[in-house]
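The values are calculated or read from the model by the stated rules, or taken from the named source; none is laboratory data. Keep in mind the model is a prediction, meaning the values are calculated, not measured. Here the Cβ positions follow ideal geometry from the backbone for every residue, glycine too, while neighbour counts run over all protein chains shown.
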């Protein structure tokens, strides 16, 4: 299970040192601007922008491709029907089926948007440590209970998945194959056991937290997050540039229509 | 080994009794006084009630009858009491922040200290436990021994006066175990240490309490209590090897 | 059931964020009214992680294997915390595994999370008839599990089919929704059965885990 989305967060590029709050706002706006695009003519620009940003981030291409593989596969599975069912202008025939132009173009549009947005997401979360991004979200208004939940889930995800692997190995060593109804019951017991163990651990964790004062310092909390980040004018300029690019896409889309 | 120079016990348990909803009489009329600076080892078979007593001392559980006082103040269940620190048996239960630094800072932050004070406490605790290099690591990248030291750092960062260690040597390799022994021998705080590792107790503690079925069976010098074979065996324990008189050379040499 | 980026129109995505925000606000408010709201947080978080992990368990259905969504079970176990848990779970899936999407986070959370809350309400009904009864637990577990994914599937398909292909006619759209839903009935039954078995297991081993 490769959870190392911030494996390259230690690099030093303008994107890495950009104030994460501004980066989050800028990137998410641009991502939504991409999703607004409905016209093929804007696609090359989309590819160009995401390509340039990826180049600046100095994240290795292999990183992007590895993360693209599985979701790309699923998208294709979903979208492969489109050329066959959508539209009326027939390009050519494949046996009894006809491949239609509009469907192909629809698929192209979806595919390019998908890849561009994915790339942006990978850059956003790949150029800062995960923890920093969560703190940035808090600074932008994420409720603290959700932030706490995110951090906890992140912390214990590894441990619990290790638990699962250990239990699955133990099951296999005792001959479990899982190909029948009984297998389903066993897997349900496995899932249930993971839930029970996590629940019991959460109880101990809660005790450990209260013993170190969890809940005492709510007053101080807001203040401490603000101290985490210090923005310079170049951070603001970066944001303005991205917002302008996003606006360009939106305006371009509206005008072309 | 500090001598008792103060009038007030660090820990004063008086006629303590406790039951769980599913199990009655887990602790029966326990009386115990621990003085400042003492290092008390708590030994006993599994299920004797050690962890329960710790939870009662920390105010996580509420007593059924009797009272517990820490440094003269009665323990209020549910109240945050940084004077006592508990190092849990399983460090994974205690290391709940995504990185070591944040975890050690957790206690001081909740004490309401300024950001600068929090930072200095974190630095101090990491230095004390010798784990500065792991400050930015996530807990799951650490070994059992390293996690244990982080857990201890997190507790010490609150500057407790009484520290309770629940099975601190479980899952430690010999080098970390030795490191822990050295660390505890240097510590100034009053401590309670529960452990199945009897040799460890011999090296670290200056007083031992044998707990079984919720009662204190014996209380005194470590070598005396643990050297008493009949007593140890009656409570499911073995006499530590180092206390066996080595009059006959039974270790094969050469 | 996870709708990826690039597929939905921006308006739908933003609408999804609005509905998810509303549902999150609703759930958090209900949580804050509970007896000990702080206490539920570590439990919900660890269970969120546990659910993420559990959803990786392959259930072999020859010739392939399926991953279960378990949103019904989430509702059964977490109650109101199920919505924040799903929101956070989807967030992790989007950024760590690129499963689902960032623009579609709101839509996915609404589509998967609201049925989870409904499954919770449904499961709670067994209290009227008898909490301790194992058969009832299994039955309501089945309904909650199957219902949870059924609602999510129908909602997701409806949104997908009505928004993507600009060149489909209404009849073809309707037919597609029906076809997709029908194709998922075996999965719905599977989730229902799985949820029922887990619910009965929890009833035996740790009944306080069942929020219903």
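The requirement of being over 16 Å from the mean Cα position of the chain (by Cα), within 16 Å of residue B:209 (Cα to Cα) and either free of Cβ contacts under 8 Å to residues at least 12 places away in the same chain or surrounded by 15 or more Cβ atoms within 10 Å (Cβ to Cβ) (or both) is not satisfied by residue B:68. Taking the numbered list (1) within 18 Å of the chain's Cα centre (by Cα); (2) at the interface with chain A (Cβ under 10 Å from one of its Cβ atoms); (3) within 26 Å of residue B:185 (Cβ to Cβ) in turn, residue B:103 passes all entries but (1).
For the range B:74-86, the candidate set comprises residues that are assigned to a loop (DSSP other than H, G, I, E, B) and within 12 Å of residue A:213 (Cα to Cα); within that set, the residue that is modelled with the lowest pLDDT is B:78.
Taking the numbered list (1) at the interface with chain B (Cβ under 10 Å from one of its Cβ atoms); (2) surrounded by 20 or more Cβ atoms within 10 Å (Cβ to Cβ); (3) under 28 Å from the mean Cα position of the chain (by Cα); (4) without any contact (Cβ under 8 Å) to a residue 12 or more places away in the chain in turn, residue A:156 passes all entries but (4).
Of all the residues in the range B:152-176, those that are touching a helix residue (DSSP H, G or I) at 6+ places or on another chain (Cβ under 7 Å), in a helix (DSSP H, G or I) and away from chain A (no Cβ under 14 Å) number 1. When residue B:125 is tested against (1) surrounded by fewer than 20 Cβ atoms within 10 Å (Cβ to Cβ); (2) touching a helix residue (DSSP H, G or I) at 6+ places or on another chain (Cβ under 8 Å); (3) more than 16 Å from residue A:213 (Cα to Cα), just one condition goes unmet, and that condition is (1). Being out of contact with any strand residue (DSSP E or B) (no Cβ under 9 Å at 6 or more places or on another chain), part of a helix (DSSP H, G or I) and in contact (Cβ under 8 Å) with a residue 60 or more places away in the chain is a description that does not apply to residue C:179. When the residues of the range A:25-45 are narrowed to those that are more than 15 Å from residue A:251 (Cα to Cα) and surrounded by fewer than 21 Cβ atoms within 10 Å (Cβ to Cβ), which ends up nearest to the other protein chains (Cβ to nearest Cβ)? Per the stated criteria, the residue is A:28. Can you confirm whether the range B:132-151 contains a residue that is outside any loop (DSSP other than H, G, I, E, B), out of contact with any helix residue (DSSP H, G or I) (no Cβ under 6 Å at 6 or more places or on another chain) and farther than 19 Å from residue B:102 by Cα? Checked the range B:132-151: no residue is outside any loop (DSSP other than H, G, I, E, B), out of contact with any helix residue (DSSP H, G or I) (no Cβ under 6 Å at 6 or more places or on another chain) and farther than 19 Å from residue B:102 by Cα. Whether any residue in the range B:48-64 is crowded, with 22+ Cβ neighbours inside 10 Å and free of Cβ contacts under 8 Å to residues at least 12 places away in the same chain is what I want to check. Within the range B:48-64, none of the residues are crowded, with 22+ Cβ neighbours inside 10 Å and free of Cβ contacts under 8 Å to residues at least 12 places away in the same chain.
Only one of the listed residues (A:207, A:165, A:135) is within 14 Å of chain B (Cβ to nearest Cβ), part of a helix (DSSP H, G or I), without any contact (Cβ under 8 Å) to a residue 60 or more places away in the chain and farther than 28 Å from residue C:138 by Cα. That residue is A:207. When residue B:89 is tested against (1) over 15 Å from the mean Cα position of the chain (by Cα); (2) over 23 Å from residue B:8 (Cα atoms); (3) not in a helix (DSSP H, G or I), exactly one condition is not met: (1). When the range B:106-122 is filtered for residues that are touching a residue at least 40 places away in the same chain (Cβ under 8 Å), in contact with a helix residue (DSSP H, G or I) (Cβ under 8 Å, 6 or more places away or on another chain) and at the interface with chain A (Cβ under 7 Å from one of its Cβ atoms), the ones remaining, listed by number, are B:106, B:107. The residues listed here are B:180, B:184, B:172; of these, the one that is at pLDDT below 90 and under 17 Å from residue B:145 (Cβ atoms) is B:172. The selection criterion, being more than 8 Å from chain C (Cβ to nearest Cβ), over 30 Å from residue A:229 (Cβ atoms) and out of contact with any strand residue (DSSP E or B) (no Cβ under 9 Å at 6 or more places or on another chain), does not hold for residue A:124. Where helices (runs of 4 or more DSSP H) sit wholly within the range C:84-172, those with at least 3 residues that are touching a residue at least 24 places away in the same chain (Cβ under 8 Å), more than 14 Å from chain A (Cβ to nearest Cβ) and buried (at least 21 other Cβ atoms within 10 Å of the Cβ) occupy C:105-124, C:134-163.
Which residues, taken from the range C:38-60, are more than 7 Å from chain A (Cβ to nearest Cβ) and either touching a strand residue (DSSP E or B) at 6+ places or on another chain (Cβ under 6 Å) or on the phi > 0 side of the Ramachandran plot (or both)?
In the first step, residues of the range C:38-60 are kept if they are more than 7 Å from chain A (Cβ to nearest Cβ); the result is C:40, C:51, C:55-56, C:58.
Selection gives C:55, C:58.
Of all residues in the range B:94-131, those satisfying the criterion of being in a loop (DSSP other than H, G, I, E, B) and more than 18 Å from residue A:132 (Cβ to Cβ) are B:95, B:96, B:111, B:112, B:113, B:114, B:130, B:131. Taking the conditions (1) in a helix (DSSP H, G or I); (2) farther than 30 Å from residue A:4 by Cα; (3) in contact with a helix residue (DSSP H, G or I) (Cβ under 6 Å, 6 or more places away or on another chain) in turn, residue A:105 satisfies each one other than (3). When we screen A:58, A:4 for residues that are under 28 Å from residue C:53 (Cα atoms) and surrounded by fewer than 17 Cβ atoms within 10 Å (Cβ to Cβ), the only hit is A:4.
Note on the range C:61-82: residues that are more than 25 Å from residue C:189 (Cβ to Cβ) and more than 10 Å from chain A (Cβ to nearest Cβ) amount to 1. Contact annotation: residue pairs with Cβ atoms under 7 Å, 6 or more positions apart or on different chains, pairing a residue in the range B:203-229 that is farther than 30 Å from residue B:19 by Cβ with a partner that is assigned to a helix (DSSP H, G or I) and at pLDDT below 90, are B:223/B:243; B:227/B:243.
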